[in-house]
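A.B. asks: I am attaching a structure below and will ask some questions about it afterwards.
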């Protein structure tokens, strides 16, 4: 039969478990609050991973020049 743990060992184990749970719960709450903040602010682009808006679609406020241009052949940067 195993000997029972001392009070100090029980407290140490409980502290380690609380630390692990805290390291999991705090980032989850942070991500939930950031998602709700974005959703309530009207920004739906961050809600679905891998979901990208098409260029020129109303509501696309990326501000990127590359996002507003249609893809085309590569341009030459040097003059002839």
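A.B. asks: If I go through the stretch 32-43 residue by residue, how many of them are assigned to a helix (DSSP H, G or I) and surrounded by 10 or more Cβ atoms within 10 Å (Cβ to Cβ)? Can you show your working first?
C.D. replies: First pass over the stretch 32-43, keeping only residues assigned to a helix (DSSP H, G or I): 32-40.
Next cut, surrounded by 10 or more Cβ atoms within 10 Å (Cβ to Cβ) only: 32-39.
Of the residues in that region, 8 qualify.
A.B. asks: State whether one or more residues within the stretch 47-68 are surrounded by 10 or more Cβ atoms within 10 Å (Cβ to Cβ), at pLDDT 60 or above and under 14 Å from the mean Cα position of the chain (by Cα).
C.D. replies: yes
A.B. asks: Give the residues of the stretch 1-31 that are in a loop (DSSP other than H, G, I, E, B) and surrounded by 10 or more Cβ atoms within 10 Å (Cβ to Cβ), sorted by residue number. Full working, then the answer.
C.D. replies: Our first condition is that a residue be in a loop (DSSP other than H, G, I, E, B); within the stretch 1-31, this holds for 1-6.
Correct list: 5 only.
The values are calculated or read from the model by the stated rules, or taken from the named source; none is laboratory data. Please read all numbers here as calculations on a predicted model, not as lab measurements. Cβ coordinates were reconstructed from backbone atoms using ideal geometry, including for glycine residues, and neighbour counts include every protein chain displayed.
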